[in-house]
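K.L.:
Have a look at this one.
Readers should treat all values here as calculations from the given coordinates under stated rules, not as data from a laboratory. Worth saying up front: this structure is predicted, and the values here are computed from it rather than measured. Note that each Cβ is placed from the backbone with ideal geometry, even for glycine, and that neighbours are counted across all protein chains shown.
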Amino acid sequence: MTGPKLVSILRQGSWLIASIHTALDDTQMVLFQQDLIEQIGRYRSRGVVIDVAALDVLDSFGARTLRTMAEMARLRGAETVIVGIQPDVAFAMVSLGMDTGSVPTALDLEEGLAYLARPGGRGPGHRGSAAG
Amino acid sequence: MSAAESVGMREDRRPHDDVAALIPMLRRIIEARVDDAATADDLVQETLVRVLAAAARVEPGMLEPYAIVTARNVVASMWRDQDRHRRNQHRVVDLDLPDPPDQDLLANEERTAVAEALSRLTDRERATLLAHEVSGQDTRSLAAEQGSTAGAVAAQLNRTRARLRVEYLLVQANVEPPTERCRPVLLALSGGDRRRQREVDAGRHLLECDVCARLSQPLMERAQPRDDEVRIPISTDADIVAARQAARELAARLGFARTELTLIATAVSEVTRNIVRFAGTGEVVVELVDRPRRGVQVTARDTGPGIPDVERALTDGYSTYSGLGLGLPGARRLMDEFAVVSEMGRGTTVTMTKWCGER
Ligand SMILES: [Zn+2]
């Protein structure tokens, strides 16, 4: 794909920081999911932050895809936190009858990283030491 | 490239590609009517320029009929110019020389079509129209004669003109409307009467009826471009994003709060996805309405298989594809008004409205 990237996935120690930069269509969302899961496997990541602040909506497909991503990440040994859900997007999700399920959410990237680094969480430098 | 940008680019590119694909057809149409190769070339070029200029205003999927009509018009107007020129010459050199009949064929066809269309009006419609258009009688004096008001006469004249345009097109195309819905639809389009267009479900009929799709093109082209309505043809995932963003942008003009805009965009996303998943293709029309209150109305229609049990589809937990059953009931919760009409084998129309301001 040419032009500005739709998403970026950065590695920081054993964490991945995935940012969505714009509204994604369903196909792009699925490609993002595949890409992220592939990288979790490749880097044996322990924690994943998904920043969705740039998403214009989180409809049933979007919310479900995020939940699936978190579940697939969990099966690969990584914990996921979703950050940046805008208040209006969150309100629409609730009105729609959707939520992020058991996937934890945090206000922003900083809080999301703090969540992963919490005592008992998936610290960036010590694989396998955290409680699962 | 963002989804929005890719959608925009595709629309930029499309008309040129589509118009280029029309060239062989346009050449056939024009060469069948014009002997001289160089003239035919010029007319093909002129047609292309006109079609390209109009491409953005032409309904989706209607570029080809539009091009056919344009090609015919370009040829006809060349003949009219020649004819006029020749007649003026005649005035100087030989007033009695009759016009060669073959050259006048098209102009005659047109006059005949107008006469035939006029004959299809009621006597009263015809008399009023001719008194106004030909004799120049104003609406006030017409109203005095008819014991009516000037406004009512003007409205009646507009309806008559709309009918005349429809009948003229039917005569010119030499077709009888294939269904009894055709005339009401064409009439609503011709009159630019949007309430009536909704009543007769003109959008759906144009998806289904080839004759009306072909005939209605000049009727729609004639209409003023509207800035309070957006139509998005739907066939791919990217169109879902385009539809919800168009809805958000249009609704933003009414001063909806950001939260409400996101509710609208989310609802549009859900119903548009249903089109892509179940029907394959369709369209989403977003329009601003002001009755009974200001609001934004979204119509999502497709010609898909239809929903067998609408009541059940509106029930939470009803799952139709990959475990997702939230589409319709979810969208209904996000909007103020919500209606689904579905007919097996014909398709589904979802109409939903969000009112602006307090509920
Ligand atoms: Zn028809």
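K.L.:
Using helices alone, I'd like the mean residue ellipticity at 222 nm for chain A: each DSSP H run of four-plus residues gives -39500 (n - 2.57), total over residue count, nearest 500.
P.N.:
-12500 deg cm²/dmol
K.L.:
No solvent, one uniform scatterer per C-alpha: report log10 I(q)/I(0) for the stretch B:229-355 via the Debye equation at q = 0.11 1/Å, two decimals.
P.N.:
Log-scaled intensity ratios, in q order: -0.33.
K.L.:
Next question. Which whole-Hz ³J(HN,Hα) couplings does the stretch B:247-257 yield from phi under the Karplus relation 6.51 cos²θ - 1.76 cosθ + 1.60, θ = phi - 60°, glycine and proline marked x?
P.N.:
Running phi through 6.51 cos²θ - 1.76 cosθ + 1.60 with θ = phi - 60° gives 5, 4, 5, 5, 5, 4, 5, 7, x, 4, 5 Hz.
K.L.:
So who's got an amide H within less than 5 Å of the one on B:V289, skipping anything under 5 residues away but keeping other chains? H placed 1.01 Å off N, in plane.
P.N.:
Amide H to amide H, under 5 Å and 5 or more residues apart or across chains, B:V289 pairs with B:G295, B:V296, B:Q297.
K.L.:
Over chain A, how many percent of alpha carbon pairs lie in each 5 Å bin up to the one with the longest distance?
P.N.:
All Cα pairs, binned at 5 Å, distribute as 2, 11, 22, 25, 20, 12, 6, 1, 0 percent.
K.L.:
Take B:A339 and B:R27, extend 7 Å from each Cα along the Cα→Cβ direction, and tell me the distance between the two endpoints in nm.
P.N.:
5.0 nm
K.L.:
5 Å is the cut-off here: which amide hydrogens, built 1.01 Å from N in the peptide plane, fall below it relative to A:D51, excluding neighbours closer than 5 in sequence?
P.N.:
For A:D51, the qualifying residues are A:A18, A:S19, A:I20, A:V83.
K.L.:
With the crude spin-label approximation of a point 7 Å out along Cα→Cβ, what separation in nm comes out for B:R124 versus B:D228?
P.N.:
The modelled label-to-label distance comes out at 3.2 nm.
K.L.:
Next question. For the stretch B:105-222, what is the per residue volume of the convex hull drawn over the alpha-carbon atoms, in cubic angstrom?
P.N.:
Details: hull volume 13.5 nm³, N = 118.
Measuring per residue, one finds 115 Å³ for the Cα hull of the stretch B:105-222.
K.L.:
Please list, ordered by chain and number, the residues whose modelled amide H lies under 5 Å from the amide H of B:Q137; skip anything fewer than 5 residues away on the same chain.
P.N.:
B:H132
K.L.:
What ³J(HN,Hα) values, in whole Hz, does the Karplus curve 6.51 cos²θ - 1.76 cosθ + 1.60 give for the stretch B:174-181 when θ = phi - 60°, with x put for Gly and Pro?
P.N.:
In residue order, the calculated couplings are 6, 10, 9, x, x, 10, 7, 7 Hz.
K.L.:
Applying 1/(1 + (r/R0)^6) with R0 = 30 Å to the Cβ-Cβ distance of A:V30 and B:A53, what FRET efficiency is obtained, to the nearest 0.05? Can you show the working numbers first?
P.N.:
Numbers: r = 39 Å, r/R0 = 1.31.
Using R0 = 30 Å, I get an efficiency of 0.15.
K.L.:
For the stretch B:190-270, what percent of Cα pairs sit more than 22 Å apart? Don't jump to the answer; show the numbers that get you there.
P.N.:
On the way: 1331 of 3240 pairs.
In whole percent, the long-distance tail amounts to 41.
K.L.:
Each residue of the stretch B:284-290 in order: what ³J(HN,Hα) in whole Hz does its phi give by Karplus 6.51 cos²θ - 1.76 cosθ + 1.60, θ = phi - 60°, with x for Gly and Pro?
P.N.:
Using θ = phi - 60°, the values come out as 10, 10, 10, 9, 8, 10, 10 Hz.
K.L.:
Provide, as a two-decimal number, the C-alpha radius of gyration of the stretch A:23-96 over 2.2 N^0.38 Å, N being how many residues it has.
P.N.:
Ratio of Rg to 2.2 N^0.38 Å for the stretch A:23-96: 1.09.
K.L.:
Please report the spacing between the Cα centers of the stretch A:1-69 and the stretch B:172-251 in Å, no decimals.
P.N.:
Comparing the Cα centres of the stretch A:1-69 and the stretch B:172-251, I get a distance of 39 Å.
K.L.:
Modelled label-to-label distance, B:A38 and B:R161, 7 Å Cα→beta-carbon offset: nm?
P.N.:
4.1 nm
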